[in-house]
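Peer 1: Take this structure first; my questions come after.
What follows is calculated from the coordinates using simple rules that are stated; it is not laboratory data. For clarity, every value in this text was computed on a predicted model and none was experimentally measured. Every residue, glycine among them, receives a Cβ derived from its backbone with ideal geometry; neighbour counts consider all protein chains shown.
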Amino acid sequence: MTDVLRLNHPAWRWAAVLPLLLAAFVWATAAQARSAPDSFADLVEKLLPSVVNISTSQVVESTEGSEEFEEFFREFFERRGERPQRRRQNSLGSGFIIDAGGYIVTNHHVIAEADEISVRLRDGTTLDAEVVGSDEKTDLALLKVEIGEQLPAAAWGDSDKTRIGDWVIAIGNPFGLGGSVTAGIVSARERDIQAGPYDDFIQTDAAINRGNSGGPMFNLDGEVIGINSAIISPYGGSAGVGFAIASNLAHKVISQLREFGRVKRGWLGVRIQTVTDELAEGLRLDKAHGALVASVTEGGPAEAAGIRQGDVILKFDGREVIEMRKLPRMVAETRIGKGVKVVVWRKGKEENLTVDLGELEEEQVAAAAATTGPEEEDESKVEALGLDLAQLTPELRQRFELKEDMEGVVITDVWADGTAAAKGLKPGDVIVEVDQEEVSNPAEVSEKIERAKDEGFRVVTLLVFRQGDFQWVAVRLDNS
């Protein structure tokens with residue numbers, strides 16, 4: 001099985017060394033066939049002093065095995081009035097100096113939950129380190145060491161200028177072998193590996209292994225253009241698919257950690273989803289792009305600016321939203337309180353709005369408006385979608401565990417051979433809107449679908465509520 005692994009993941013075992021050596025041999029053979037610089041030696045000699053080894057330790061309970069067994073042993077000891085045995089667990093990672101005064105960058109997962117953190121410099125000096133700030137969402141952390149001299153610092157580079165095929169150098173502490181250097185090329189940019197909401201990874205074939213976490217990726221100008229963070233591997237070792245956090249993202253995060261001890265991010269107050277080709281057709285867009293607003297947080301900046309459920313955000317602060325996943329990072333990086341120009345697609349045309357961004361808290365809670373739902377039952381079959389629909393009643397609310405303030409039309413049955421079944425619609429889902437118009441009974445759903453068919457459209461968009469979340473679903477009409 002192929003996994004995306006943080007570089008200090010517990011799945012690593014020394015048994016992986018043999019395949020690692022084999023992979024390294026294959027890589028070295030392939031590297032000889034490429035046109036490479038005569039030598040990296042002069043550049044590496046300058047860079048090595050700015051790279052550090054990081055070791056951490058924490059006290060953990062000595063029980064091993066699954067969480068269920070750990071809980072069992074914990075309760076067993078507590079019943080006997082004893083405490084489980086505790087042991088100190090150590091881990092290794094890498095980092096790099098970004099300021100001569102002793103500021104060091106590494107990964108959040110390298111130092112998370114550590115009781116003690118120590119940093120070893122190139123000359124062998126070992127120093128205690130304190131955490132200035134850490135950000136789990138981008139897997140970045142900033143440390144500080146105290147030393148009575150100026151330290152050699154690395155310079156930030158511009159990751160946006162990095163091109164696929166450029167040579168890169170990774171330096172770190174793999175398997176505790178400090179000061180190890182590997183080289184490769186940039187395999188891809190702007191990778192989203194589902195590690196966090198703001199993913200922006202540079203992919204490389206430079207050998208990266210356990211202990212490289214938090215170490216720098218340099219370009220041939222000696223600038224940091226990435227922070228090594230994760231790999232994809234079928235067996236737990238380097239397979240030539242490594243990922244580094246892009247420097248342009250990291251630099252902004254680290255600057256905020258240094259200034260505030262945390263990251264202050266802009267907040268728009270919407271839940272968004274991808275605009276698929278079918279949704280684009282249903283929304284009458286010329287192509288699939290932008291971010292579709294699935295719901296708007298009550299009392300949030302978006303609501304105050306007039307952004308509505310069903311809008312497609314096309315531009316944010318003058319930048320085009322090429323795809324949905326770009327928007328969260330755009331918002332997060334924008335100054336809090338700034339009046340941002342937003343272009344949305346609404347019912348077949350563009351609208352220009354201005355949003356005053358708020359600050360993203362760890363948890364944003366949106367309260368639902370309390371209204372009274374319809375009481376009389378009204379059932380209908382919609383052949384064009386392959387659905388049985390019903391107006392909400394107390395009985396149906398109880399059957400499908402729907403709240404009293406839920407409005408819309410509930411799906412009571414999905415035909416196995418219908419187009420709705422192919423889209424994963426299920427009994428208990430509630431259709432709130434059809435083509436961005438609210439519906440409150442099955443007749444309104446049928447009317448809007450027939451109108452879409454009469455106007456020659458092949459797809460309708462449904463705003464569906466399921467298990468606490470809104471989602472837009474594009475369903476192709478069965479015109480048979």
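Peer 1: What list of ³J(HN,Hα) values in whole Hz, one per residue of the range 453-468 in order, does the Karplus curve 6.51 cos²θ - 1.76 cosθ + 1.60 (θ = phi - 60°) give from phi, with Gly and Pro shown as x?
Peer 2: Residue by residue, the range 453-468 yields 5, 5, 8, x, 7, 9, 9, 10, 9, 10, 8, 10, 9, 9, 6, x Hz.
Peer 1: Which distance in nm do the two modelled labels at Ile164 and Arg451 give, with both placed 7 Å along the Cα-to-Cβ direction?
Peer 2: 4.4 nm
Peer 1: Compute the Cα gyration tensor for the range 241-335, then decide on rounded, prolate or oblate, letting a ≥ b ≥ c be the square roots of its eigenvalues: rounded whenever a/c is under 1.5, prolate when a/b is larger than b/c in the other cases, and oblate in all that remain. Walk me through the numbers on the way to the answer.
Peer 2: Values: a/c = 2.76, a/b = 1.48, b/c = 1.86.
Cα axes put the range 241-335 in the oblate bin.
Peer 1: Determine the dipole magnitude for the range 266-359: charges of +1 sit on the beta-carbon of Lys and Arg, -1 on that of Asp and Glu, nothing else is charged, the reference point is the Cα centre, and the result goes in debye to the nearest 20. List each step's numbers first, then the result.
Peer 2: Details: 15 positive and 15 negative charges, 32 e Å.
Around 160 debye, computed over the range 266-359.
Peer 1: How would you classify the range 371-480 from its alpha-carbon gyration tensor, with a ≥ b ≥ c the square roots of the eigenvalues: rounded for a/c under 1.5, else prolate if a/b is greater than b/c, otherwise oblate?
Peer 2: Values: a/c = 1.72, a/b = 1.58, b/c = 1.09.
In terms of gyration-tensor shape, prolate.
Peer 1: For every other residue with a beta carbon closer than 13 angstrom to the beta carbon of Asn173, add +1 if it is Lys or Arg and -1 if Asp or Glu, then tell me the sum.
Peer 2: Values: positive: Arg120, Arg122, Arg210; negative: none.
That works out to +3.
Peer 1: Express the relative contact order of the range 379-476 as a whole percentage, based on alpha carbon pairs under 8 Å and six or more residues apart in sequence.
Peer 2: Details: 182 pairs, mean separation 24.4, N = 98.
Relative CO of the range 379-476 lands at 25 percent.
Peer 1: Give me a comma-separated list of calculated 3J(HN,Hα) values for the range 123-135, in order, Karplus coefficients 6.51, -1.76, 1.60 applied at θ = phi - 60°, integers in Hz, x for any Gly or Pro.
Peer 2: 7, x, 5, 10, 10, 6, 10, 10, 7, 6, x, 8, 10
Peer 1: In the neighborhood of Asp286, defined by Cβ-to-Cβ distances under 13 Å, what is the net charge if each Lys or Arg adds +1 and each Asp or Glu adds -1? Before the final figure, lay out the partial values.
Peer 2: Values: positive: Arg284, Lys287, Lys349; negative: Asp277, Glu281, Glu350.
Its environment carries a net charge of 0.
Peer 1: Would you give the gap between the C-alpha center of the range 131-210 and the C-alpha center of the range 417-480, rounded to a whole Å?
Peer 2: 46 Å
Peer 1: Right, here's the next one. Over 32 Å between Cα atoms, which of Lys252/Lys349; Lys46/Lys315; Lys326/Lys349; Lys252/Lys403; Lys287/Lys403 qualify? Don't jump to the answer; show the numbers that get you there.
Peer 2: Values: Lys252/Lys349 35 Å; Lys46/Lys315 43 Å; Lys326/Lys349 22 Å; Lys252/Lys403 42 Å; Lys287/Lys403 36 Å.
The pairs that break the limit, which is 32 Å between Cα atoms, are Lys252/Lys349; Lys46/Lys315; Lys252/Lys403; Lys287/Lys403.
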